[in-house]
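What follows is a single structure, and I will ask about it in a moment.
Only the coordinates and a few stated rules stand behind these numbers; no lab work does. Since we're looking at a predicted model, the values are computed, not measured. FYI the Cβ positions are ideal-geometry reconstructions off the backbone, even for glycines, and counts take in every protein chain you see.
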Amino acid sequence: MPAADRRARPAPPEIHDHFAAIVEFSDDAILSKDRKGIILSWNPAAERMYGYSAEEAVGQPISILIPDHRVGEEHMILDRVLRGDRVDHYETDRVRKDGRLLTVSLTVSPIRDADGAVNAASVIARDITRRHRSLALAAKLQEITSELSREVAAQRVIDLVLQTVTAALRAEAGAIGLVEGEEIELAGSVGYSEAGLAAWERFPVSAEAPMAHSVRTGQSVWMTSSEALKERFPALREASVQFASLAVLPLTSAGSTFGAISISFAEARELDPEERAFLVAATQQAAYSIERARLFEAERLVAERQTLLAKAGELLAESLDPEAALGRLAKLAVLHVADWCGVELVDDDGSLRNVAVAHADESRTELARELRERYPVDPRAETGVPHVIRTGVSELYTEVTDEMLAGAAQDEEHLRLLRELGPRSAMIVPLTARGSVFGAITFAASGADRRYEDEDLAFAEDLARRAALAIDNAMLFRREHEAAVTLQRSLLPESLPPAHDGIEFDARYRPAAPGLEVGGDWYEVVVTDDGSVVVTIGDVAGRGILAASVMGRLRPALRAYVLDGHGPSEAVRRLDRLMKEQGRAEMTTLFHLQYDPVSGRASYVRAGHPPALLRLADGTVVELDGRGTPPLGILDDVEFPEHAVEVPRGSLLLLYTDGLIERREVDFAEALTRLKATFAGAPHGAAECLAWLERNLEPDIIPDDVAMLAMSN
Amino acid sequence: MTSEQEPLQIAVEQRTVGAVKVAIVTPVGEVDLANADELSAVLGSSQATDTDSLIVDLRQVSFMDSSGLRVLLMTAQDREPHFAAVVGPESAVARLIDLVDVADRIHAAASEDEALLRIEAAGADAGG
């Protein structure tokens, strides 16, 4: 047996010395323990590793090295060794004298006495704490990298980096600051007290502080005690420093430093090379991810804003009513770029008028409106909307302070309202068209998350330019529309003949709403010398000022023909000839009726016009739909046959333009049926009848831009 | 506003029927103030005018107002008697034509064949 052989041949004394020297100078802790686990020997490496001197350790139970959670394991190891087995490279935890945990790799072998019985065990322990940590940190780094690669929101990236890095390094607190212009802004933090953070929300890049230094130089700062920190940064001498050690690393991307990460430790702590390597790698990863997330957000913002501009364009193009369009623009703005948006336009007399107010919080829109109504913008003000309108130059208030509000307030109540709305950042951009400023849009942000910068102003200006163009078009259109309405009204009879002999007249003309061009609807009532009554209604094809001017020529001509004593057929024939002679290829439809109150008879001409309606005293409604002729003005060889109809006393006659029934949404016949039904129920009397029709016809039957003429007898 | 309005499409085709060269103009969509000029331009173009006869097929016109009607009437008068319009029965255009009593002015027909016949007949009348 080899064991017996070894016992038979004791080793020479010099060999013992060799072994003793190896044990003495080993980097591994080498110790022995008896069957009960009492430490018998303890080399210098064991002293270094566990912190106990040989005197302290020898005679103590091995359990002084074993953390509570590993006690059961030690019994198992001892059992195996006492049975004669060896335990090789067993990884476990041990505890140092100072309480720190170590990760060790153990090799435990039996020691036999002269009889071959196991009476003790040798333990060789290698400290693998750092290797172990290094592996754990590498795994952690991989985990962070993978998590970060999934994050696209910069804030989430920042929070995730801080949480995982502080946890992995067992740091107490961490913060990330990002460069914003000449300042460093705190972008995220964990573990710091609010009071500790207060001073560092925002500080100049030029500050004598670790983060600012790191940002300026691109170098890391490692401080292992608060004394060292205060020595290095004298400016912090007065500051209350919560933590003992500090590591600050620059966040660098493509060679430029855009921020820094700071990690604080409660106790004075020197990071070992693995931890430093981890921190450097994690910081690089964080820099890359933050930069990527910010780019992504910027791109998304650009895309969002392009969508917004397109939406605004559509919305502005849809409406030819400038104020309605601005109202919708303000609503759109508060959905995307502002918490509060107001629009002021310059009136003809130079005063400013608020035409739109919107607030992201619907319930505050009223407050915003109240503010603008009770405290209208002072046109003489040195800054703000009046100034922007005077100069055409935008104003940007990145930071709106309470002093600024106080300065702008006209009185205490005004200040109260302003404070309640609480703008924190604002911009005012001019509405400019054809070289003149006709208004301004104000955007205000009240939330902490929104602060207007130069690029926001550029966007707002772009939005305002588009709005101005659309509004200018709409305003021009409205002016033209108003001119056409004025013209058309001026061309219609100023008044109708007064009621006589129980015969009453009334007429309504509803001009088209802005957005619809004025039509060429016209009517005329003439009472001739012999007492007969002539009522005419017509509709010139086409719209706008041209159509209005055509009907402006027709009406007096027709009136002259009638007063000259021409009957319906001849009067209409002459009108047709007049139109053709003028060679303008204008066209009008016409319903022309002459009524003789004495005989109770009427005759009419219908030229391309829908039938008039006649309600008899018994309620019967008759369509005056005698065979018609084409419209006037363009066709040769047209005869205008007359049709006769009895109009007994107690009748109600209704003439109308085809706007009343010629709607693309509603079928002619159906519209006519509905008109007849409503007309059947109308009260007697021309004025009463028209009022009734206006009240009772569905909006799709009685649109804007329609004329009605009624006669009752 | 006419922002939702479908753009007016106008097709022109020339055909020879017997010894007669016919242009067939087919507007598709709504004809109103906003685009009556387009129809007018096509009806006045050489493709439509250097033929013996002109047929306007209105069966795919979903709506026509008085501006469209005016263009139609003026063209019918210019080409008289070598003009006919094809109008779908019960259509909005048919009701407009009925309302303003111009069916005979534009030689309204229910089909292309009928339109050709009407042109032939009108031509014969004019010739005789």
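Suppose R0 equals 56 Å. What FRET efficiency, 1/(1 + (r/R0)^6) with r the Cβ-Cβ distance, do A:A20 and A:D68 give to the nearest 0.05?
On the way: r = 35 Å, r/R0 = 0.62.
Working from the Cβ atoms, E equals 0.95.
Return the distance in nm (one decimal) between the two label points of a simple spin-label model at A:E453 and A:A617, each offset 7 Å from Cα along Cα→Cβ.
The answer from the label model is 8.6 nm.
Above 35 Å lies some portion of the pair distances; for chain A, what is it as a whole percent of all C-alpha pairs? All intermediate terms of the calculation are to be shown ahead of the outcome.
On the way: 174102 of 253828 pairs.
Percent of Cα pairs beyond 35 Å in chain A: 69.
DSSP loop (so not H, G, I, E, B), at most 15 other Cβ within 10 Å: list which GluC sites (Glu not before Pro) in the range A:262-360 pass both filters.
Numbers: sites: A:E267, A:E270, A:E274, A:E275, A:E291, A:E297, A:E299, A:E304, A:E314, A:E318, A:E323, A:E344; in loops: A:E267, A:E270.
When the GluC sites (Glu not before Pro) of the range A:262-360 are filtered for loop state and at most 15 Cβ neighbours within 10 Å, A:E267, A:E270 remain.
Additional query: Between A:E297 and A:E270, what FRET efficiency follows from the Cβ-Cβ distance if R0 is 30 Å, with the result rounded to 0.05?
On the way: r = 38 Å, r/R0 = 1.26.
So, using R0 = 30 Å, E works out to roughly 0.20.
Charges at C-beta only: +1 for Lys and Arg, -1 for Asp and Glu. How large is the resulting dipole of the protein assembly as shown about its Cα centre, in Debye rounded to 20? Numbers along the way, then the final one.
Numbers: 85 positive and 137 negative charges, 599 e Å.
Once rounded to the nearest 20, the dipole reads 2880 debye.
Further question: Between the range A:263-284 and the range B:26-57, how many Å separate their Cα centres?
82 Å
Here is a follow-up. Can you give the extra length, in nm with one decimal, that the chain gains between A:A406 and A:I128 once fully stretched, where that is 0.36 nm per residue apart less the Cα-Cα distance? Let's see the in-between values first.
Values: separation 278, 0.36 × 278 = 100.08 nm, distance 6.60 nm.
Between A:A406 and A:I128, full extension yields an extra 93.5 nm.
Starting from 0.36 nm per residue, how many nanometres of slack lie between A:E201 and A:T673 once their C-alpha separation is accounted for?
Between A:E201 and A:T673, full extension yields an extra 162.5 nm.
In addition: Give, as ranges by residue number, the residues of the range A:47-66 whose backbone N falls under 20 Å from the point 7 Å along Cα→Cβ of A:D93.
Counting only backbone N, you get A:49-52, A:62-66.
Using +1 at the C-beta of Lys and Arg and -1 at the C-beta of Asp and Glu, which of A:L101, A:W692, A:L65 has the Cα lying farthest in the positive direction of the dipole of chain A?
Positive-most Cα among the choices belongs to A:L65.
Sticking with this one: Only counting other Cβ atoms within 10 Å, I'd like A:H414, B:H82, A:H89 sorted with the fewest neighbours first. Mind dumping the intermediate values first?
Working: A:H414 16, B:H82 20, A:H89 10.
Placing the least packed residue first, the sequence is A:H89, A:H414, B:H82.
Provide the gained length on full extension for the span A:W222 to A:H414, in nm with one decimal, where the gain is 0.36 nm per separating residue minus the Cα-Cα distance.
Stretched fully, the A:W222-A:H414 segment lengthens by 63.9 nm.
Rg (Å, one decimal) plus Dmax (Å, integer) for the alpha carbons of chain B?
Rg and Dmax of chain B, Cα atoms, are 13.8, 50 Å.
Under a plain spin-label model, where a point goes 7 Å from the Cα along Cα-to-Cβ, how far apart in nm are A:R510 and B:E38?
3.0 nm
What residue among A:G191, B:S111, A:Q410 has its Cα farthest toward the positive end of the dipole of the protein assembly as shown, where the charges are +1 on Lys, Arg and -1 on Asp, Glu, each on the Cβ?
A:G191
With the radius of gyration and the Kirkwood radius both derived from the Cα set of the range A:63-135, what is their ratio Rg to Rh?
1.03
Across the residues of B:66-78, average count of Cβ atoms on other protein chains within 10 Å?
Values: counts 13, 5, 1, 7, 11, 4, 0, 8, 5, 0, 3, 5, 0.
Partner Cβ neighbours, averaged per residue: 5.
Using the beta-carbon distance between A:N473 and A:S549 and R0 = 30 Å, what value does 1/(1 + (r/R0)^6) give for FRET efficiency, to the nearest 0.05?
Values: r = 23 Å, r/R0 = 0.78.
So the FRET efficiency works out to roughly 0.80.
Using +1 at the C-beta of Lys and Arg and -1 at the C-beta of Asp and Glu, which of A:V215, A:V280, A:L672 has the Cα lying farthest in the positive direction of the dipole of the protein assembly as shown?
Of the candidates, A:V280 comes out farthest on the positive side.
With viscosity set to 1.567 mPa s at 4 °C, what whole-number translational diffusion coefficient in µm²/s follows for the range A:98-245 from Stokes-Einstein and a Kirkwood radius over Cα pairs?
Rounded, D is 68 µm²/s.
Name the lysines eligible as straight-distance cross-link partners of A:K311: C-alpha to C-alpha under 23 Å, and not fewer than 8 places from it in the same chain.
Output for A:K311: A:K331.
Another one. Once you order the gyration tensor axes a ≥ b ≥ c over the Cα atoms, which shape class does the range A:194-337 get: rounded for a/c under 1.5, otherwise prolate or oblate by comparing a/b with b/c? Please list the in-between numbers first.
On the way: a/c = 4.00, a/b = 2.49, b/c = 1.61.
The shape class here is prolate.
Shifting gears a bit: Using C-alpha positions alone, give me the convex hull volume of the range A:329-414 per residue in cubic angstrom. Can you show the working numbers first?
Working: hull volume 10.0 nm³, N = 86.
Per-residue hull volume (Cα only) is 116 Å³.
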